[in-house]
Amino acid sequence: MSAYKTKGSVKERAELALNDDFLRKAVKFTTERLRIGKMNAAEQHGNWEEWRERGRQIRLHTIAHLDYYLNLFVENARANGVHVHFAPTGAEAVRIALAVAQSKAAKTVVKSKSMVTEELHLNHALQDIGVEAIETDLGEYIIQLAGETPSHIIIPAIHKNRYQIAELLSKEAGEALEADTTILAGFVRKKLREKFLEADIGMTGCNFAIAETGSMVLFENEGNARMVTTVPKTQITLMGMERIIPSWTDLEVMATLLPRSATGQKLTVYMSGITGPRRTEDADGPEEMHIIIVDNGRSNQLGDPEFQELLNCIRCGACLNACPVYRHIGGHAYGGTYSGPIGAVLTPALQKNVAEWDDIANASSLCGACYEACPVKIPLHDMLVYLRRRKVEAGHGKALETIGMRGFGTVAGQPGIMGAAVKLGQLGQRLVVRDGGIRLKVGPLKGWNKYRVAPTLAKRSFRQQWEALKRETANTGQTMDPVVKARMEAILKERAKGGGGRHG
Amino acid sequence: MKVSLFITCLSDVIYPRVGEAMVRLLARYGVKLEFPRAQTCCGQPAYNSGYWDEARKTARTILDAFDESDFVVSPSGSCTYMIHHYPELFKDEPVYLEKSNRLQEKTYEFTQFLVQVLDVKDLGAKFPRKVTYHPSCHGSRLLGVKDEPLELLQHVEGLEFVPLPFAQDCCGFGGTFAVKMADISGAMVTEKVDHILETEAEVLVGLDMACLMNIAGNLRFRNEPVRVMHLAELLYEGVKEA
Ligand code: SF4
């Protein structure tokens, strides 16, 4: 397993990552390429904000009526000949998948990329009953060889550079492979070709499930998902229960938003819509098809006004690529299957232990880059604050911080006390100020001054200077331009009518 | 017409020169700022850390202090945006909810007030230096102050503007984040300062003293002589020089 797995606190895991130059360079390199690609794609689209809002509306509507659309999807998929299963928990989903594998006496399963199967640790479960599971997405294949978990929703091996990958694949090949992308991909392609042909089961995730026809849609670039869904006799698809969209018309919006947000592509190389198993007139496709719809904590979010929008996520990874914290610490530091801003909120939300879960919600400066990047406008930066608040409300705040914040409330809640505290600070700091700055590394200044010199309190605060300043500026004799005055009066009038509140 | 200054804690106790620049600049347009002394902190540190009861306590001082004001002007996009959270904080207290909605309407970040209300873009300032600009996250992304500072800078005579690479990236401040996750925050501010140094600017200008304090602290730590200023200070120095 990776050195950066779920052990320890987020701080300890981040520490490991911050000291790993390879990781930091690799993550920075790729996230930068992706986010710039995304920004360009959005700009070229020309009408991005409007489509983003359309995407959000589709997701809001679907999730608000999830029971209806899920039922419709299940009905239609069954009519197409799909075996549909519903798994309330992760354990149940695993049990169903294993039962299908056993009923086929499967020896090998080829998989296309699926974060849900990562969430369920399905590969391990298959291995435990003697079934070999082979990842066929290049990044996932690399991660599997390394015995690690994905550190990014769409680029699982983002934390590895070309040379590290060449080393891994060379070991597998039994010969030294050059660190050249074409050579490395060529080796994997040849290797996987055999696996596709001998596999008993093809296993996939699902990008979107279309309620009106009971179809499932996959986006990919390597063609491996097409192999997985056409060659083996049996297909098992695992999907989160929120993957639904109502119609193919809605897919047009999603197909516009997803690839652009994920990689900056206008479209992925392959987009496959699959409606049931192979029919007699079809040239290929599985004879038997199963769809396992997974809840595993998702329905906890339904009806929760602060977190329901989490279910709108289309797993594009744009928030990871935009996040400055992710850029520095990578995905494993987040400690869950999903990383980055979405992972920081989704992991505790899925586990329904918002209050107890780590302090991953604190690993954010709340800069809002995730929200700005998100194609369906999920307010992740607000949700991070809600997580922190729920933790405090549940009494899981850190003791020292709680004392500090109570003190803050008392001091800043009363202007008189605040003024006195400032005076005290102005006197006290004389002991530690050198050369107009504070370099002391104690208490809360310890972390700050490891990277900075702290400023000093002003000799006289603004409050202390105000009376003099007021006297001085009172006599400038400058009067207000009548046009400006009229504008300000008009704003006041607008406001009184209940308008005019919008500015900025 | 009562126009009040919402000084914000940092400008009050560490950077009073920013408040002074605002008062003197606005006086040139006949705006006599008032300073309600009952104001303290907007409550953001407590709000962001999840201590909403404490946030409400300090938010009340702000709501009461500015109850009578017609316009409120502040030197921080972040503290201005904090007021947009007040309706959520006071959703169960009708009196303060009403005050919250009104305060949100009347509060402007400094450059918003200059450009949108006073319609001033050219202050007649002169500042013959190489300058770069860091747009703080809350002000630019959440409050939407994007064009105003650039327009103001464009009109400063002699100023050579150099765009900051990856300008929109957070500087790593994030309030208590800088203390709680010191090493991540440290990595972020280091990267930000690397980008600033790349521009070879003599002056870094911004609209939020919290972010600027963070960046200035790292510059000083690395003995880099880049001068860090709030835009109000730059403009005030510029009009004195002109
Ligand atoms: S939260 Fe938004 S940006 Fe992040 S993965 Fe989901 S859809 Fe994409």
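The values are calculated or read from the model by the stated rules, or taken from the named source; none is laboratory data. Since we're looking at a predicted model, the values are computed, not measured. Because the Cβ atoms are built from the backbone with ideal geometry, glycine has one as well, and the counts that use them run over all protein chains shown.
Just a few scattered comments:
- Candidate set: the stretch B:33-74, residues that are within 10 Å of another protein chain (Cβ to nearest Cβ) and touching a strand residue (DSSP E or B) at 6+ places or on another chain (Cβ under 7 Å); chosen: the one surrounded by the most Cβ atoms within 10 Å (Cβ to Cβ): B:Leu33
- Some residue of the stretch A:314-333 being in a loop (DSSP other than H, G, I, E, B), away from chain B (no Cβ under 14 Å), within 12 Å of the ligand (Cβ to nearest atom) and among the hydrophobic types (A, V, I, L, M, F, W, C): yes
- Taking the listed residues A:Glu287, A:Glu372, the one that is within 16 Å of the ligand (Cβ to nearest atom), out of contact with any Gly (no Cβ under 9 Å at 6 or more places or on another chain) and modelled with pLDDT of 95 or more is A:Glu372, with no other qualifying.
- Any hit, the stretch A:386-400, residues being within 16 Å of the ligand (Cβ to nearest atom) and either more than 10 Å from chain B (Cβ to nearest Cβ) or in a helix (DSSP H, G or I) (or both): yes
- Within the stretch A:361-380, the set of residues being more than 8 Å from chain B (Cβ to nearest Cβ), in contact with a Cys (Cβ under 9 Å, 6 or more places away or on another chain) and not in a loop (DSSP other than H, G, I, E, B) comprises A:Cys370, A:Ala373, A:Leu380.
- Considering residues of the stretch B:7-21 that are part of a helix (DSSP H, G or I) and among the aliphatic types (A, V, I, L, M) only, the residue farthest from the other protein chains (Cβ to nearest Cβ): B:Ala21
- Filtered residue count, the stretch B:77-116, keeping only those that are out of contact with any His (no Cβ under 7 Å at 6 or more places or on another chain), farther than 19 Å from B:Ala21 by Cβ and part of a helix (DSSP H, G or I): 18
- Matching residues in the stretch A:199-211 - criterion: being surrounded by 18 or more Cβ atoms within 10 Å (Cβ to Cβ) and not small (Gly, Ala, Ser): A:Ile201, A:Met203, A:Thr204, A:Cys206, A:Asn207, A:Phe208, A:Ile210
- Flag for A:Ala454 being facing chain B (nearest Cβ under 7 Å) and surrounded by 13 or more Cβ atoms within 10 Å (Cβ to Cβ): yes
- Filtering A:Gly447, A:Gly477 for residues that are modelled with pLDDT under 90 and either among the β-branched types (Val, Ile, Thr) or assigned to a helix (DSSP H, G or I) (or both) leaves a single hit, A:Gly447.
- Screening the candidates A:Pro232, A:Pro305 for the property of being outside the structural domain of A:Ala105 (by TED's automatic domain parsing), more than 16 Å from the ligand (Cβ to nearest atom) and not aromatic (Phe, Trp, Tyr) yields one hit, A:Pro305.
- Only one of the numbered conditions (1) on the phi < 0 side of the Ramachandran plot; (2) touching a Ser or Thr at 6+ places or on another chain (Cβ under 7 Å); (3) surrounded by 22 or more Cβ atoms within 10 Å (Cβ to Cβ) is violated by A:Gly214, and that is (1).
- Of all the listed residues (A:Gly340, A:Gly419), the sole one being touching a residue at least 40 places away in the same chain (Cβ under 8 Å) and either loosely packed, with under 15 Cβ neighbours inside 10 Å or farther than 28 Å from A:Gly55 by Cα (or both) is A:Gly419.
- Residue ID - nearest to A:Gln351 (Cα to Cα), chosen from residues in the stretch A:102-128 that are part of a loop (DSSP other than H, G, I, E, B) and polar (S, T, N, Q): A:Ser114
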